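Below is one structure; the comments refer to it alone.
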Amino acid sequence: MSAPDPSTVRYEGPWTHRDVSANGIRLHVAERGSGPAVLLLHGFGEFWWAWHHQLTALADAGFRVVAADLRGYGDSDKPPRGYDGWTLAGDVAGLVRALGERRAHLVGHAWGGLLAWSVAALHPRVVASVSVLGGAHPLALRAAIRRTLWRRRGQARAMRHLLRSQIPMAPERRLVEADAAEVERLFRAWSGTRWQGRSDFTEAARRFRHAMRVPGVAHSSLEYYRWAFRSQFRGDGRRFAEAISDRVAMPVLQIHGDGDPCVLPDTARESAPWRGPGSRLEWVRGVGHFPHLEAPDTTTKLLTEFLHGI
């Protein structure tokens, strides 16, 4: 089976696709609406379409909503390097400016949430607020993994895919073989059972599997995890941890499934010291790692109320 062209992820809908140059690369975005800017950042194994529910609903609520393909994903550029926290945060800050906005509300899922929190610390002038779905502050996640690493349980066990991604080449092959069946297996492992029984899970799995087979995506997506792990033993990782160690100045909304098996609920709670004033943590019952897809109406309602309150 031949690999799909990157342009095939530009699904049609009530949004506009375009390319934006930011931080030295080309980023593909889908956008809709007008008003205060909301920038949506997807997680591992996803692409801009992961936000198709929020892209339309938040636009209808009075926002300019932009869903981006992160570096290495979808129809964005896939350079051989630049998957470190510093550069990825620069991509997002540069994208806000390239969109002609002074500030934006950042909404991120999982890796996108880690990135949103990092941008708020490193580039606070371009961030109006942070919303994190199925994620935690990078330092809370790191502490939880370290604390449980040798016990082979807890957050370390939940993130064992991070360790498996460190070896060369084999993880890339596993992600794309058999029409990227591994992507669907991970989504099943991380999501709640109620979503798995619905037709929209089947549709989402099909699209994410397709997007993973775009040339370069499997390697790029794993480079995020490789830097996150290897930087713990290097000076750039220590400097990055110091740079994001302070509590952010803007409000943070955490939306977390109470059954999330990937970023555990206790880890989400332990992010509290880094949340700015006016922040809160909201639980979505019966939901796993993907609140924006498993419970889109509840998630959108929480996001809309939070954003209108700022």
Amide hydrogen neighbours beyond the local backbone of A22, cut-off 5 Å, H modeled = L27
Quick one: what are the phi-derived ³J(HN,Hα) couplings along the range 129-135, Karplus 6.51/-1.76/1.60 with θ = phi - 60°, whole Hz, x for glycine and proline?
-> 7, 10, 10, 10, 10, x, x
Alpha carbon convex hull of the range 54-140, projected area averaged over orientations, nm² | 6.0
Accessible area of the range 33-171 divided out per residue, in Å², using a probe of 1.4 angstrom | 34
Using alpha carbon centroids, what distance separates the range 172-198 and the range 254-310, in Å?
-> 22
The percentage of Cα-Cα pairs in the range 146-305 separated by more than 25 Å is 42
If you find the alpha carbon centre of the range 1-61 and of the range 86-107, how far apart are they in angstrom?
-> 14
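When only the heavy atoms of the protein chains count and the probe is 1.4 Å, how do E270, E184, E12, E305 rank by accessible area, highest first?
Details: E270 70, E184 40, E12 175, E305 90 Å².
Largest accessible area first, the residues go E12, E305, E270, E184.
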The chain, helix-only ellipticity at 222 nm - DSSP H runs n ≥ 4, -39,500 (n - 2.57), divided by all residues, nearest 500 | -13500 deg cm²/dmol
Interchain or long-range residues, amide H under 5 Å from A37's placed H | R64, H105
Listed candidates (1) 0.95; (2) 1.31; (3) 0.92 - label of the one calculated as Rg/Rh (Cα atoms, Kirkwood Rh) | (3)
Looking at the chain, send over the antiparallel percent of its DSSP beta bridges, to the nearest 5.
-> 30
Counting only protein heavy atoms and using a 1.4 Å probe, what share of the accessible area of the chain belongs to carbon plus sulfur, as a whole percent?
-> 52
With the cut-off at 22 Å, report for the range 11-166 the share of all Cα pairs above it, as a whole percent.
-> 40
Calculated P(r) tail over 23 Å for the range 100-231, as whole % of Cα pairs | 45
Ranked order, M250, M169 - accessible area, probe 1.4 Å, largest first | M169, M250
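Using the Cβ atoms and a cut-off under 9 Å, what net charge is assigned to the surroundings of V214, where Lys and Arg are +1 and Asp and Glu are -1?
Taking every Cβ under 9 Å from that of V214, the sum is 0.
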In Å, the Kirkwood hydrodynamic radius of the range 16-61 over pairs of distinct alpha carbons?
-> 11.7
Direction-averaged shadow area of the convex hull around the Cα atoms of the range 121-188, nm²?
-> 6.9
Cα-only radius of gyration and Dmax that characterise the range 1-82, units Å | 12.8, 43
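What number, in percent, do you get for the relative contact order of the range 142-234 if the mean sequence gap of Cα pairs under 8 Å and at least 6 apart is divided by its residue count?
29
The values are calculated or read from the model by the stated rules, or taken from the named source; none is laboratory data. As the structure is a prediction and not an experimental result, all values here were calculated from the model. No Cβ is skipped: glycine too gets one built from the backbone with ideal geometry, and neighbour counts run over all protein chains shown. Each accessible area value is taken on the protein alone, full model and side chains, heavy atoms only, with ligands, DNA and RNA left out. Shrake-Rupley method; radii C 1.70, N 1.55, O 1.52, S 1.80 Å.
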